[in-house]
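The values are calculated or read from the model by the stated rules, or taken from the named source; none is laboratory data. On a predicted model such as this, the values are computed, not experimentally measured, just so you know. Every residue, glycine as well, gets a Cβ built from its backbone with ideal geometry; the counts of neighbours run over all protein chains shown.
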């Protein structure tokens with residue numbers, strides 16, 4: 001039994017990041033001066049909280065594999081690398097599915113899923129990890145339809161994620177209590193429910209975003225079953241400029 005699990009997905013093509021520096025780049029291992037600056041290194045510095053860490057790669061997978069084996073020798077026994085061979089054809093939901101598939105039979109106490117292109121402040125992340133409830137996170141930036149993943153709390157207390165893949169407009173067609181800009185980190189504490197959600201996904205769901213299973217899970221909960229936790233500092237490193245701000249700990 002793995003009591004506490006971390007899944008980090010880094011399979012994407014990093015097209016915006018690569019364009020911003022003028023060459024193909026796997027942004028989770030990018031750094032300016034030392035590897036300790038990289039997003040993956042900073043994410044895995046929380047390894048003490050987890051018994052098992054699953055990293056899902058795709059783009060430049062061999063480079064990711066060799067880097068992990070070289071740079072994380074002290075915690076390799078905790079790490080499992082999973083390859084998403086469909087990273088260029090499927091959406092982020094398939095990467096999450098591949099990560100979950102690796103731990104499906106574990107009767108865990110908690111599973112934290114974090115997208116791998118984020119800079120997150122440690123105190124806020126620690127609140128997520130140590131919470132006894134399921135957790136949805138939010139950041140404190142303005143919600144903009146061309147870049148934000150938003151969620152709202154409906155009148156019945158159930159959360160709903162909204163995102164436009166075309167980066168156009170967001171739309172809510174029902175009354176709601178609150179709306180948040182997602183922190184793109186989640187904590188799941190019910191392995192049976194998570195298994196039910198993933199087992200119920202259709203092939204078309206696996207080709208979409210990771211919000212499909214996330215929605216399925218959290219909409220099955222009562223409002224008292226989950227906690228909302230905000231990040232004090234949250235930077236989505238889509239470009240090298242974002243990454244540079246993460247080194248300075250300056251949110252946009």
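Rundown of residues vs (1) farther than 25 Å from residue 10 by Cα; (2) at pLDDT below 95, yes/no style:
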residue: 173; (1), (2): yes, yes
residue: 189; (1), (2): no, no
residue: 203; (1), (2): no, yes
residue: 213; (1), (2): no, no
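Go through 130, 67 for me and flag whichever is out of contact with any strand residue (DSSP E or B) (no Cβ under 9 Å at 6 or more places or on another chain), surrounded by 14 or more Cβ atoms within 10 Å (Cβ to Cβ) and farther than 20 Å from residue 214 by Cβ.
Details: 130 fails: surrounded by 14 or more Cβ atoms within 10 Å (Cβ to Cβ).
Result of the check over 130, 67: 67.
Counting only strands (runs of 3 or more DSSP E) wholly contained in segment 39-146, the ones carrying 2 or more residues that are within 13 Å of the chain's Cα centre (by Cα) and within 24 Å of residue 23 (Cα to Cα) occupy 52-57, 118-120. Of all residues in segment 147-160, those satisfying the criterion of being within 20 Å of residue 219 (Cα to Cα) and surrounded by fewer than 14 Cβ atoms within 10 Å (Cβ to Cβ) are 155, 156, 157. Cβ separations smaller than 9 Å between residues 6+ apart or across chains give the following pairs from segment 97-109 residues that are on the phi < 0 side of the Ramachandran plot and surrounded by fewer than 16 Cβ atoms within 10 Å (Cβ to Cβ) to residues that are in a loop (DSSP other than H, G, I, E, B) and at pLDDT 95 or above: 109/189. Whether any residue in segment 161-178 is farther than 20 Å from residue 207 by Cα, touching a helix residue (DSSP H, G or I) at 6+ places or on another chain (Cβ under 9 Å) and surrounded by 12 or more Cβ atoms within 10 Å (Cβ to Cβ) is what I want to check. No; the residues of segment 161-178 include none that is farther than 20 Å from residue 207 by Cα, touching a helix residue (DSSP H, G or I) at 6+ places or on another chain (Cβ under 9 Å) and surrounded by 12 or more Cβ atoms within 10 Å (Cβ to Cβ). Checked against the criteria, residue 75 counts as surrounded by fewer than 21 Cβ atoms within 10 Å (Cβ to Cβ), in contact with a helix residue (DSSP H, G or I) (Cβ under 7 Å, 6 or more places away or on another chain), closer than 24 Å to residue 109 by Cα and modelled with pLDDT of 95 or more. Could you count how many residues in segment 189-226 are surrounded by fewer than 16 Cβ atoms within 10 Å (Cβ to Cβ), farther than 21 Å from residue 87 by Cβ and out of contact with any helix residue (DSSP H, G or I) (no Cβ under 8 Å at 6 or more places or on another chain)? Qualifying residue count for the region: 9.
Within segment 133-146, the set of residues being without any contact (Cβ under 8 Å) to a residue 40 or more places away in the chain and exposed (fewer than 14 other Cβ atoms within 10 Å of the Cβ) comprises 142, 144, 146. Residues in segment 165-206 that are under 21 Å from residue 128 (Cβ atoms) and part of a loop (DSSP other than H, G, I, E, B) were compared, and the one that is nearest to the chain's Cα centre (by Cα) is 189. Residue 151 meets the conditions (1) part of a strand (DSSP E or B); (2) under 23 Å from residue 38 (Cα atoms) in every case but one. The failed one is (2).
What are the residues in segment 207-237 that are part of a loop (DSSP other than H, G, I, E, B) and in contact (Cβ under 8 Å) with a residue 60 or more places away in the chain, if any? So that I can check it myself, show each step before the final result.
Initial filter on segment 207-237 (part of a loop (DSSP other than H, G, I, E, B)): 207-210, 219-222, 231-233, 237.
207, 208, 209, 210, 219, 221, 222, 231, 232, 233, 237, listed by residue number.
Filter segment 13-38 for residues that are assigned to a helix (DSSP H, G or I) and touching a strand residue (DSSP E or B) at 6+ places or on another chain (Cβ under 9 Å); which is farthest from residue 184 (Cα to Cα)? Step through it out loud before you land on a result.
Within segment 13-38, the subset assigned to a helix (DSSP H, G or I) is 15-21, 27-29, 35-37.
Now restrict to residues that are touching a strand residue (DSSP E or B) at 6+ places or on another chain (Cβ under 9 Å): 27-29.
Numbers: 27: 17, 28: 16, 29: 19 Å.
This residue is 29.
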